[in-house]
1. Can you give me the number of residues within the stretch 13-30 that are part of a helix (DSSP H, G or I) and either surrounded by 16 or more Cβ atoms within 10 Å (Cβ to Cβ) or touching a residue at least 24 places away in the same chain (Cβ under 8 Å) (or both)?
2. Evaluate the following for M106: is it hydrophobic (A, V, I, L, M, F, W, C) and in contact with a Cys (Cβ under 6 Å, 6 or more places away or on another chain)?
3. Given the conditions (1) touching a strand residue (DSSP E or B) at 6+ places or on another chain (Cβ under 7 Å); (2) without any contact (Cβ under 8 Å) to a residue 24 or more places away in the chain, and given that K96 satisfies all but one, which numbered condition is not satisfied?
4. Residues that are surrounded by fewer than 12 Cβ atoms within 10 Å (Cβ to Cβ) and in a helix (DSSP H, G or I): does the stretch 89-106 have at least one?
5. Could you say which residue among G46, G39, G114 is at positive phi and modelled with pLDDT under 95?
6. So F127 fits all but one of (1) touching a residue at least 24 places away in the same chain (Cβ under 8 Å); (2) assigned by TED's automatic domain parsing to the domain that holds F7; (3) of a type in the set (F, W, Y); what number is the exception?
7. Going residue by residue through the stretch 114-122, is there one that turns out to be part of a helix (DSSP H, G or I), loosely packed, with under 15 Cβ neighbours inside 10 Å and free of Cβ contacts under 8 Å to residues at least 24 places away in the same chain?
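The values are calculated or read from the model by the stated rules, or taken from the named source; none is laboratory data. On a predicted model such as this, the values are computed, not experimentally measured, just so you know. Using ideal geometry, Cβ is built from the backbone for each residue, glycine included, and neighbour counts are taken over all protein chains shown.
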Amino acid sequence: MKNFRTFFATRYGQDFLNNTLLVTSLILSILSLLFRSIGYFFSIPGLILSTILLFRFFSKNKIKRSAENETFKGFMTPITRQIKLIRSNLKDSQRKYFLCPMCKKMVRIPRRKGKVEITCPTCHHHFKARS
């Protein structure tokens, strides 16, 4: 049992990039099962992603894996920010959400007020938007 803990203590483990690789490879595996006639178009990339996932998970080079994860997070931040903005706009019927063009923070204003000038509470940048 001690050797098992020591083995995993020296490995990199799970992070945001590994979670994304895992979900993507599972989706590709399911698609390869659903579309058997062209399944290899989905199964080969899924196997490649699974291999990368296992390599990263069991890697001893924690600094390099952490740098890869931070680079991936930097790439994904604008995408996840837009998804969060769309989700907030769909959920809330009383307010409309915008991203400040300067600092990219989410700003909310009341709906149905027409064209308004918005001041970002973080960076105090002024911009116009239709509510």
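1. Pass one, the stretch 13-30, residues part of a helix (DSSP H, G or I): 16-30.
From the residues that got through so far, the ones that are either surrounded by 16 or more Cβ atoms within 10 Å (Cβ to Cβ) or touching a residue at least 24 places away in the same chain (Cβ under 8 Å) (or both) too are 16-18, 20-22, 24-25, 28-29.
Within the stretch 13-30, residues that are part of a helix (DSSP H, G or I) and either surrounded by 16 or more Cβ atoms within 10 Å (Cβ to Cβ) or touching a residue at least 24 places away in the same chain (Cβ under 8 Å) (or both) number 10.
2. Numbers: hydrophobic (A, V, I, L, M, F, W, C): yes; in contact with a Cys (Cβ under 6 Å, 6 or more places away or on another chain): no.
In short, no.
3. That leaves (2) as the condition not met.
4. yes
5. Numbers: G46 fails: at positive phi; G39 fails: at positive phi.
Residue meeting the stated conditions: G114.
6. (2)
7. Of the residues in the stretch 114-122, the ones part of a helix (DSSP H, G or I) are none.
Within the stretch 114-122, not a single residue is part of a helix (DSSP H, G or I), loosely packed, with under 15 Cβ neighbours inside 10 Å and free of Cβ contacts under 8 Å to residues at least 24 places away in the same chain.
Matching residues to (1) farther than 30 Å from H125 by Cα; (2) under 21 Å from the mean Cα position of the chain (by Cα):
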{"position": "R11", "(1), (2)": "yes, no"}
{"position": "S25", "(1), (2)": "yes, yes"}
{"position": "S29", "(1), (2)": "yes, yes"}
{"position": "I38", "(1), (2)": "yes, no"}
{"position": "I52", "(1), (2)": "yes, yes"}
{"position": "T80", "(1), (2)": "no, yes"}
{"position": "R87", "(1), (2)": "no, yes"}
{"position": "K91", "(1), (2)": "no, yes"}
{"position": "Y97", "(1), (2)": "no, yes"}
